[in-house]
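Okay, here's the structure, questions in a sec.
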């Protein structure tokens, strides 16, 4: 500590410490800790604070599992289904993005040359500067009942009636996959780019077919990139709010939308915090699983 | 050979499809903005029109949201750039054993879902306001303030990463030389470190502003009764039936694409200048060696 002050001088040291303190304590640690604490509380009116109901409780979490006490159903099927659906759909989106992006990442990293590769990267980045909500809106224009895809299929004579892609959640999955492509491509690209192309050549010279080269040479090398891309895409899909609101069918909900309802129309912040904690835990479990499966450390993922 | 040719063709075809998938939605939206129909659609094409653009400026809600977004973006810049800079400097000085923990803590907001950052900011400052017995009009309950803080939680991590990358190339002997020559620490900071970091400061500012401007997930919880451009847009898109949205999209796309291109070009020029500088230095060194050799 004394070294620190000696090295930076009193004024600069104070600035550094204050700024980092404000960020780490006031913006990261305390809010998270308070949200966790809050999720074990009853939703109270101001005049009830300090009263007999101002105690710790598990009721917010019980509500997610069992619904209101005395309900006919044994479990809170509505919310549990939404939760599971969110998780499974996010895994699906993650796998889809991986399948889409792996060939592109490999191509740019190993096959394409200098300036060409740079231009492709620029082309990849450009669409993602556009606002998330407008991107989702674009998918509405594409997939709506009077959208371009339906019109195309109808003129081709493949369809008689337009398909409601929004209701069938096709638009939602396409929109989510689209939204997070960049976060899959870049970790993959970075990992594959560091592979010495001679290794691929050597495997090919030894008679390995292309799929085995990828399975045994490229993918093992790219493991940290795969892990980090999958983690990012999963977490962002599970935590997405705009795309489900805009592209989800009228009857289908995303877990974040339920959280949003607790904070707005529902007006029960404690309940919403509990749901947010559950979402955070689900993400944490996913990250830990990925780390275990790919045998990589958190440092490698977050890079 | 011919099987390889087929493979190559397939790869090219796949790349074409991939980029089509990337750009088709944007082109569609662009086309819808100029189509003369009351509903945002591309087919059937009813003729070219520009009438959706002026109607944008009659929308007071949207303009109010836009102005708020700009202010929030400026606020986020003012908060997250100094924080990111400080965090990056501390990162280079923190003890090795602490470094992993510190890194994990400060990068965690990037990995956390945005809704959770918004929620935790909201409930925390609300509680703090109650605790301090603050007035209802005070900043603890202000949507703008909470949004700036909530967004900065993770945007500071972005700016920190920008600064870290630049700091890795910083030659500390410059700092020591200045100190030896009698400069104070504050002078060293302003006259040596900051000028060296200038390009990183500009990129961090741009990154912070753009990220803030288009943020939705965190903002939607912290903004409460107020509005930003994205929350206004989200509301409109959910109702979703006016072509002026497409017109707005075209404007935003045009502005952001020009901005992104400018940043990219600036970065490339910077890189090229560095290469040129390096090449010149190497050349000068060789010449010096040659002269020295000749002198002997």
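Condition check: modelled with pLDDT of 90 or more and surrounded by fewer than 22 Cβ atoms within 10 Å (Cβ to Cβ). Does residue B:81 satisfy that?
Here the answer is no, as residue B:81 does not meet what is asked.
Name the residues in region A:8-21 that are touching a helix residue (DSSP H, G or I) at 6+ places or on another chain (Cβ under 7 Å) and more than 7 Å from chain B (Cβ to nearest Cβ), would you?
Passing the criteria: only A:13.
Is it true that residue B:75 is within 30 Å of residue A:13 (Cβ to Cβ), assigned to a helix (DSSP H, G or I) and away from every other protein chain (no Cβ under 12 Å)?
yes
Please verify whether region A:98-116 includes one or more residues that are part of a helix (DSSP H, G or I), over 24 Å from residue B:15 (Cα atoms) and either within 12 Å of chain B (Cβ to nearest Cβ) or in contact with a strand residue (DSSP E or B) (Cβ under 6 Å, 6 or more places away or on another chain) (or both).
Within region A:98-116, not a single residue is part of a helix (DSSP H, G or I), over 24 Å from residue B:15 (Cα atoms) and either within 12 Å of chain B (Cβ to nearest Cβ) or in contact with a strand residue (DSSP E or B) (Cβ under 6 Å, 6 or more places away or on another chain) (or both).
Please go through region A:262-298 and pick out each residue that is within 12 Å of another protein chain (Cβ to nearest Cβ), free of Cβ contacts under 8 Å to residues at least 24 places away in the same chain and either closer than 20 Å to residue A:44 by Cα or touching a strand residue (DSSP E or B) at 6+ places or on another chain (Cβ under 8 Å) (or both).
Correct list: A:262, A:263, A:264, A:272.
Can you name the residue in region B:220-229 that is buried (at least 24 other Cβ atoms within 10 Å of the Cβ) and within 10 Å of chain A (Cβ to nearest Cβ) and, of all such residues, is farthest from residue B:146 (Cα to Cα)?
B:229
Still on this structure, please answer the following. Just a yes or no: is a residue in region B:268-287 surrounded by 14 or more Cβ atoms within 10 Å (Cβ to Cβ), assigned to a helix (DSSP H, G or I), touching a helix residue (DSSP H, G or I) at 6+ places or on another chain (Cβ under 9 Å) and within 11 Å of chain A (Cβ to nearest Cβ)?
No: region B:268-287 contains no residue that is surrounded by 14 or more Cβ atoms within 10 Å (Cβ to Cβ), assigned to a helix (DSSP H, G or I), touching a helix residue (DSSP H, G or I) at 6+ places or on another chain (Cβ under 9 Å) and within 11 Å of chain A (Cβ to nearest Cβ).
Can you report the number of residues in region B:151-204 which are assigned to a helix (DSSP H, G or I) and farther than 21 Å from residue B:72 by Cβ?
Adding up the residues that qualify gives 31.
Continuing with the same structure: Here are some residues: A:92, A:83. Which one is farther than 24 Å from residue A:186 by Cα and either outside any loop (DSSP other than H, G, I, E, B) or at pLDDT 80 or above (or both)?
So the residue among A:92, A:83 that is farther than 24 Å from residue A:186 by Cα and either outside any loop (DSSP other than H, G, I, E, B) or at pLDDT 80 or above (or both) is A:83.
For residue A:241, only one of the following conditions fails: (1) within 13 Å of another protein chain (Cβ to nearest Cβ); (2) over 30 Å from residue B:214 (Cβ atoms); (3) in contact with a helix residue (DSSP H, G or I) (Cβ under 8 Å, 6 or more places away or on another chain). What is its number?
Condition not satisfied by residue A:241: (2).
Take the residues in region A:31-45 that are buried (at least 17 other Cβ atoms within 10 Å of the Cβ) and within 25 Å of the chain's Cα centre (by Cα); name whichever of them is nearest to residue B:150 (Cα to Cα).
Step by step, filter region A:31-45, then rank; the result is A:31.
Which numbered condition in (1) surrounded by fewer than 20 Cβ atoms within 10 Å (Cβ to Cβ); (2) assigned to a helix (DSSP H, G or I) is the only one that residue B:208 fails?
Result: residue B:208 fails condition (1) only.
Would you point out which residue out of B:148, B:83 is assigned to a helix (DSSP H, G or I), within 10 Å of chain A (Cβ to nearest Cβ) and either in contact with a helix residue (DSSP H, G or I) (Cβ under 6 Å, 6 or more places away or on another chain) or closer than 27 Å to residue A:244 by Cα (or both)?
Exactly one residue qualifies, and that residue is B:83.
Still on this structure: Would you check which residues across region B:89-102 are surrounded by fewer than 24 Cβ atoms within 10 Å (Cβ to Cβ) and either more than 7 Å from every other protein chain (Cβ to nearest Cβ) or at pLDDT 90 or above (or both) and list them?
Scanning region B:89-102 gives B:90, B:91, B:92, B:94, B:95, B:96, B:97, B:98, B:99, B:101, B:102.
Any chance region B:46-55 includes a residue that's part of a loop (DSSP other than H, G, I, E, B), more than 9 Å from every other protein chain (Cβ to nearest Cβ) and surrounded by 15 or more Cβ atoms within 10 Å (Cβ to Cβ)?
No, because not a single residue in region B:46-55 is part of a loop (DSSP other than H, G, I, E, B), more than 9 Å from every other protein chain (Cβ to nearest Cβ) and surrounded by 15 or more Cβ atoms within 10 Å (Cβ to Cβ).
For residues that are closer than 10 Å to residue A:31 by Cβ and more than 7 Å from every other protein chain (Cβ to nearest Cβ), tally how many sit in region B:119-144.
Within region B:119-144, residues that are closer than 10 Å to residue A:31 by Cβ and more than 7 Å from every other protein chain (Cβ to nearest Cβ) number 3.
Still on this structure: Name the helices (runs of 4 or more DSSP H) wholly within region A:243-303 that hold at least 2 residues that are farther than 29 Å from residue A:131 by Cβ?
The helices (runs of 4 or more DSSP H) meeting that bar are A:269-294, A:298-301.
Still on this structure, please answer the following. When you go through (1) within 10 Å of chain B (Cβ to nearest Cβ); (2) under 29 Å from residue A:111 (Cα atoms); (3) assigned to a loop (DSSP other than H, G, I, E, B) one by one for residue A:231, which number turns out not to apply?
Evaluating residue A:231 over (1) within 10 Å of chain B (Cβ to nearest Cβ); (2) under 29 Å from residue A:111 (Cα atoms); (3) assigned to a loop (DSSP other than H, G, I, E, B) leaves (3) as the failure.
The values are calculated or read from the model by the stated rules, or taken from the named source; none is laboratory data. The structure displayed is predicted, hence computed values, not measured ones. Cβ: placed from backbone, ideal geometry, glycine included. Neighbour counts: every protein chain shown.
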